[in-house]
Amino acid sequence: MGPSELLACRDVSLGYEGQSVLAHLNLTVREGDYLCVVGENGSGKSTLMRGLLGLLPPQSGEIRRAPELEQGAVGYLPQQTRAQRDFPATVYEVVLSGCLNQKGLRFFYSAAQKSAALMNMGKLGILELKDESYRDLSGGQQQRVLLARALCAAKRLLILDEPITGLDPAAAQDLYKLLSYLNEKEGMAVVMVTHDLKSALRRAQTVLHIGRSSLFLGTVPEYLASPQGRRFREAE
């Protein structure tokens, strides 16, 4: 892999029980990239996320990861379920749990991990909420908490699955601004599955459109000029 490459899919097919959902995918995610993954429901976006996270091995081809990503240093923001929204813990406990995959055999968080949790809460403007109950927060506040948690795990890559689902428009724009800040100022690569095409194209550098029979990967202007981009816009 090149020095700036974080993830590389080479002729990858992904699926379940011998059935391919995605086939012949070639994709490279580099430092500082902002990739939006769009497509119809059921086209394979969540399957791709599982593959990138290492939760689903390829049926064929190869997914290569930078060495630090092999150690689990990916920040992941999954779609929230009702059970997760009602999770009975303080904001600080939720954010700190993002450090779990770095603990190794230790049973206690280190001072450095606690410091990182506080720093990430400060960065996202939720430090004053640290002793609040997570379940009592608004949807937008909860997404900030989960983003701070993801940052405790992430070194260079954030993967988000429909992060604005259930958020009101103001909270959604707030989350987009935070992601742009992390991408532009902190150099964090962002890979985001989204159905919010208009906002995604305003911020993305690259678009992966997953169709039922075709894949498109290119820059935003290339996507807007493509048949997939035109059809998807008309369907919005």
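The values are calculated or read from the model by the stated rules, or taken from the named source; none is laboratory data. As the structure is a prediction and not an experimental result, all values here were calculated from the model. Glycine gets a Cβ as well: all are built from the backbone with ideal geometry, and neighbour counts include every protein chain shown. Remember, those area values only see protein heavy atoms, side chains included, never the ligands or the DNA or RNA. Shrake-Rupley method; radii C 1.70, N 1.55, O 1.52, S 1.80 Å.
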Solvent-accessible ranking of His195, His209, largest area first, probe 1.4 Å:
His195, His209
At 7 Å along the Cα-to-beta-carbon direction for both Glu132 and Ser226, put a label point, then send me their distance in nm to one decimal.
4.0 nm
Please list, in chain and number order, the residues 5+ apart from Leu208 or on another chain whose amide H is under 5 Å from its amide H, with Hs placed from the backbone.
Cys36, Val37, Val38
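Return the Rg/Rh value of region 104-236, two decimal places, where both radii are evaluated on C-alpha atoms and Rh is the Kirkwood radius. List each step's numbers first, then the result.
Working: Rg = 17.4 Å, Rh = 16.7 Å.
Using only Cα positions, Rg/Rh for region 104-236 is 1.04.
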Could you tell me which label, among [x] 23, 21, 16; [y] 34, 20, 16; [z] 30, 21, 16, carries the value of semi-axes √(5λ) of the Cα gyration tensor in Å calculated for this structure?
[z]
With label points built 7 Å along Cα→Cβ from the Cα atoms of Ser214 and Asp168, find their separation and express it in nm.
4.1 nm
Exposure of Arg10 as accessible area (Å², to 10), given a probe of 1.4 Å and all protein chains
100 Å²
Violations at 22 Å Cα threshold for listed pairs Lys130/Lys185; Lys177/Lys198; Lys45/Lys114; Lys155/Lys177 -> Lys130/Lys185; Lys45/Lys114
Heavy atoms only, 1.4 Å probe, whole protein assembly: order Thr194, Thr219 by accessible area, highest first.
Thr219, Thr194
Taking region 170-236, the whole-percent share of alpha-carbon pairs separated by over 17 angstrom is 43 percent
Post the alpha-carbon centroid distance, region 176-197 to region 29-45, in whole angstrom.
12 Å
Would you kindly find the accessible area of Ser213, with a 1.4 Å probe and non-protein molecules such as ligands, DNA and RNA excluded, rounding to the nearest 10 Å²?
120 Å²
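With the cut-off at 1.5 for a/c, could you classify region 143-201 from its C-alpha gyration tensor as rounded, prolate or oblate?
Values: a/c = 1.68, a/b = 1.44, b/c = 1.16.
Prolate shape, in that a/c is at least 1.5 and a/b is the bigger ratio.
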